[in-house]
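Derivation of every value follows stated rules applied to the coordinates shown; laboratory data play no part. Given the structure is predicted, the values throughout are model-derived calculations rather than measurements. Heads up, the Cβs are rebuilt from the backbone with ideal geometry, glycines too, and the neighbour counts pull from every protein chain shown.
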Amino acid sequence: SIAMTKLLQNKRGMNAKISTPWGDGELTTKLLGQFNISNCLATLAVMHIMGVSLDLALPILARLDTVPGRMQCIRGRGQPLVVVDYAHTPDALEHALLALREHTPGKLWCVFGCGGGRDKGKRAKMGQIAERYSDQLIITNDNPRQEAPESIVADIVKGLLCGWAAEIELDRGAAIAHAITCADAADIILIAGKGHEQYQQIGDQRIPFSDVEHVKAQMNHVQ
């Protein structure tokens, strides 16, 4: 069996000391979240079965990158780490924030909204989760569709213990820019809800929009 004997988590990723039947070693990955360490260990076991040596397997795992929009990390020199994730349900948002907390030496930011014309019952719950597990919260638009964005935000705010503690910026691009500008280099910012999506659905229109591209543009702007 493969056992992890020590785990270090930081903004750069994770480093795990592992013990295996075919030797001990260090597993380094730029992926975030302990669930990804479990995935790496499972992959390592399969590679061993296929005849790949530990010395060859560990460097391969170190090069693994994220799937677009799934805990996707965007890094800049002297800037906060920004993570773009598709989390758009209460459970997914909670798991993302809890995973990132283990990597955060500074403050954990959360920028998110809820879609219009969908399950209204989750909005207050997601607001509650975001407030509980983040240090700085910005509520914004996420595909409002036919609903008034202000109405969606009001539903989210109902779940907050301290509504005044959350910032509200309906312009999602501006919300992302504000978080990156205000966060410190030791902070992590979770941009949740859209992930890989390339549009913002407002009314009947699908307007081109990418969380990842907005993050990159803002990071380049503040360098």
Hey, what did the chain get for relative contact order, percent, Cα under 8 Å, at least 6 apart? 21
Computed label-point distance, nm, for sites Ala217 and Glu102 using a 7 Å Cα→Cβ extension: 3.5
Cα extents of region 3-62 along the three principal axes, largest first, in whole Å? 32, 18, 17
Grab the Cα-Cα distance for Ser53 and Cys182, subtract it from 0.36 nm times how many residues apart they are, and report the gain in nm with one decimal. 41.9 nm
Give me the one-decimal nm value for the distance between modelled label points at Lys120 and Leu7, 7 Å along each residue's Cα-to-Cβ direction. 4.0
Could you name the aspartates and glutamates in cross-link range of Lys11, using Cα to Cα under 12 Å and dropping any fewer than eight places away on the same chain? Glu102, Asp187
When only C-alpha pairs under 8 Å and at least 6 residues apart count, what is the relative contact order of region 1-108, in percent? 24
What is the order of Leu27, Leu170, fewest Cβ neighbours within 10 Å to most? Leu170, Leu27
Could you work out how far apart the two model spin labels at Arg206 and Ala165 are, taking each label as a point 7 Å from the Cα in the direction of the beta carbon, and quote it in nm? 3.8
Over the chain, consider all pairs of different Cα atoms and compute the Kirkwood hydrodynamic radius from their mean reciprocal separation; express it in Å, one decimal. 18.4
Restricting to lysines 8 or more places apart or on different chains, can you count the pairs in region 72-222 with Cα atoms under 24 Å from each other? 12
Please arrange Ile156, Ile74 by counting, for each residue, the other beta carbons lying within 10 Å of its beta carbon, fewest first. Ile74, Ile156
Sequence of Leu44, Leu32 once ranked by neighbouring C-beta atoms within 10 Å, starting from the fewest: Leu44, Leu32
Using only helices, what value at 222 nm comes out for the chain when you add -39,500 (n - 2.57) per DSSP H run of length 4 or more and divide by the total residues, to the nearest 500 deg cm²/dmol? -11500 deg cm²/dmol
